[in-house]
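**Student:** First the structure, then my questions, so here it is.
The values are calculated or read from the model by the stated rules, or taken from the named source; none is laboratory data. Everything numeric here is computed off the predicted structure, so don't read it as measured data. Cβ placement follows ideal geometry from the backbone for every residue including glycine, while neighbour counts extend to all protein chains displayed. Protein only, heavy atoms only, side chains kept; ligands, DNA and RNA dropped before computing areas. Shrake-Rupley method; radii C 1.70, N 1.55, O 1.52, S 1.80 Å.
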Amino acid sequence: SGADQQSSDGYFTHKGILFNSKVNVESLKNIENLAVKEDDVFVATYPRSGTTWTEEILCLIYNGGDVEKVKTTPIYTRIPYLEYQYFPEGQTEYDRFLELPSPRLGKTHLPYNMLPRQLQEGRGKLICVARNPKDVAVSYFYFHGINRSFRTPDSWDSFLSDFMAGNVVGGSIFNHVLGYWAHRSNPSLLFIKYEDMQKDLHGTVRKLADFVGRKLPSTTIDKIAEHCSFRSMSKNPMTNYSKHPEQRCRFDTTNSEFIRKGIVGDWKNHFTDIQNEAFNKVLEEKLSGTGLEYDFDI
Ligand code: A3P
């Protein structure tokens with residue numbers, strides 16, 4: 001299959017990164033060789049960093065703020081998740097991406113060095129959304145509880161250890177974010193932070209619109225920001241991953257939701273002092289000297 005190893009639950013590693021069974025190994029190779037078009041835009045994130053939020057904003061930017069239009073299809077239908085294949089007998093998301101009319105939007109959780117080579121060379125546009133790793137850890141822990149193709153963690157403590165060590169699907173958040181951060185001055189890459197979206201959604205929408213070359217009037221930007229508030233997106237079946245039967249197959253939302261809490265600082269409700277100290281030590285080791293800083297509270 002091309003995977004280095006595969007375990008009974010379908011987890012496998014490829015180029016040193018752990019993936020779950022829904023990631024298609026062929027697609028991983030195809031993605032690297034993708035013929036990128038100049039007007040392609042990719043949203044790249046570590047999981048649980050604000051991907052869906054950014055995707056919804058982009059859809060609205062592209063349709064000029066028509067909130068009725070985005071109500072007809074779920075977000076994952078509008079923007080393929082490049083490395084995924086929801087059902088073994090179904091189409092890969094990569095193939096679905098190829099069939100999209102331009103301008104194409106794609107989503108990926110791949111590390112920078114596994115992106116399409118042409119994208120790395122500056123063709124097309126890339127938006128990286130980063131979120132403070134403590135909140136990502138909490139959000140990802142809950143997400144493991146709802147995603148049926150993920151291993152259920154034994155405990156929050158064991159999950160956090162795995163997360164800090166990078167032994168989770170998607171690999172180390174630190175390596176992931178630093179891979180993108182290293183290229184932040186590339187004009188075809190926009191690096192934004194979840195906490196800044198929280199602080200100034202209007203400003204973030206404008207920044208995204210400018211980046212993809214669609215200048216919008218302030219009233220339209222306000223309308224988009226309103227539609228993309230947590231309150232609105234969390235109860236919107238087109239964005240909260242509850243709409244289609246296949247999503248109910250993917251997720252068991254008995255105990256948590258895909259769009260769950262949407263705040264900065266929820267980590268404080270979960271980290272013990274000991275866990276926080278250990279985490280801070282890893283943060284210091286991984287980030288010192290890189291210039292990358294996070295807001296852990298706003
Ligand atoms: P929480 O689990 O902390 O609530 P992704 O889309 O990358 O998987 O990220 C999911 C995280 O983004 C979840 O975090 C989710 O609630 C949050 N999120 C999604 N839409 C949001 C919005 N409109 N405002 C704030 N947070 C949002």
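**Student:** If I take all pairs of Cα atoms in the chain, what percentage of them are more than 26 Å from each other?
**Tutor:** Above the 26 Å cut-off, the chain has 43 percent of its Cα pairs.
**Student:** With Kirkwood's inverse mean 1/r over C-alpha pairs for Rh, give me the Rg to Rh ratio of the stretch 24-148, two decimals please.
**Tutor:** 0.95
**Student:** Enter the accessible area per residue of the stretch 251-298 (Å², integer; probe 1.4 Å; all protein chains in place).
**Tutor:** 61 Å²
**Student:** Where Rh is the Kirkwood radius over the Cα pairs of the stretch 240-298, the temperature 25 °C and the viscosity 0.890 mPa s, what D in µm²/s does Stokes-Einstein return?
**Tutor:** Here the translational diffusion coefficient equals 168 µm²/s.
**Student:** Taking a label point 7 Å from the Cα of Asn33 along the Cα→Cβ vector, which residues of the stretch 47-91 have an amide N closer than 17 Å to it?
**Tutor:** Answer for the stretch 47-91: 83.
**Student:** Classify the stretch 1-58: rounded, prolate or oblate, from the alpha-carbon gyration tensor (a ≥ b ≥ c, eigenvalue square roots; a/c under 1.5 rounded; otherwise prolate if a/b is larger than b/c)?
**Tutor:** The shape class here is oblate.
**Student:** Could you tell me the center-to-center distance, by alpha carbons, between the stretch 232-298 and the stretch 178-213 in angstrom?
**Tutor:** After rounding, the separation between the Cα centres reads 19 Å.
**Student:** Counting pairs of alpha carbon atoms under 8 Å apart in space and at least six apart in sequence, what relative contact order in percent does the chain give?
**Tutor:** 23 percent
**Student:** Could you check the simple spin-label distance between Thr152 and Glu277, using points 7 Å along Cα→Cβ, in nm with one decimal?
**Tutor:** It is 3.3 nm.
**Student:** Once you sort the root eigenvalues of the Cα gyration tensor of the stretch 158-198 as a ≥ b ≥ c, which label holds: rounded (a/c under 1.5), prolate (a/b larger than b/c) or oblate (the other case)?
**Tutor:** oblate
**Student:** So, one more: Of the cross-linked pairs Lys29/Lys69; Lys199/Lys268; Lys37/Lys193; Lys125/Lys207; Lys69/Lys207; Lys22/Lys107, which ones have a Cα-Cα span greater than 24 Å in the structure shown?
**Tutor:** Violating the 24 Å Cα-Cα cut-off are Lys29/Lys69; Lys37/Lys193.
**Student:** Lys261 to Asn167: extension gain in nm, 0.36 nm per residue of separation minus the Cα-Cα distance?
**Tutor:** In short, 31.4 nm is gained.
**Student:** If you don't mind, there's one more thing I want to ask. Can you tell me the Rg and Dmax of the stretch 177-232, counting just the alpha carbons, in angstroms?
**Tutor:** 12.6, 36
**Student:** Quick check: convex hull of the Cα atoms in the stretch 38-77, volume per residue, rounded to a whole Å³?
**Tutor:** In the stretch 38-77, the Cα convex hull volume per residue is 79 Å³.
**Student:** Then there's this: How about Lys71: which lysines have a C-alpha closer than 17 Å to its C-alpha, ignoring those fewer than 8 places off in the same chain?
**Tutor:** Here the lysines satisfying the reach criterion relative to Lys71 are Lys223, Lys235, Lys243.
**Student:** If you don't mind, another one. Under 37 °C and 0.692 mPa s, how fast does the stretch 145-220 diffuse according to Stokes-Einstein, given a Kirkwood radius computed over C-alpha pairs? Answer in µm²/s, whole number.
**Tutor:** Translational D for this selection: 211 µm²/s.
**Student:** Could you order the peptides 86-99, 28-41 from most to least packed, using the average number of other C-beta atoms within 10 Å per residue?
**Tutor:** 28-41, 86-99
**Student:** If you don't mind, another one. Given points 7 Å out from each Cα along the Cα-Cβ axis, report the Asp297 to Ser234 separation in nanometres with one decimal.
**Tutor:** 2.1 nm
**Student:** For Cys249 and Ser21, calculate 0.36 nm times their separation in residues minus their Cα-Cα distance, and state this gained length in nm to one decimal.
**Tutor:** Roughly 80.7 nm would be gained on extension.
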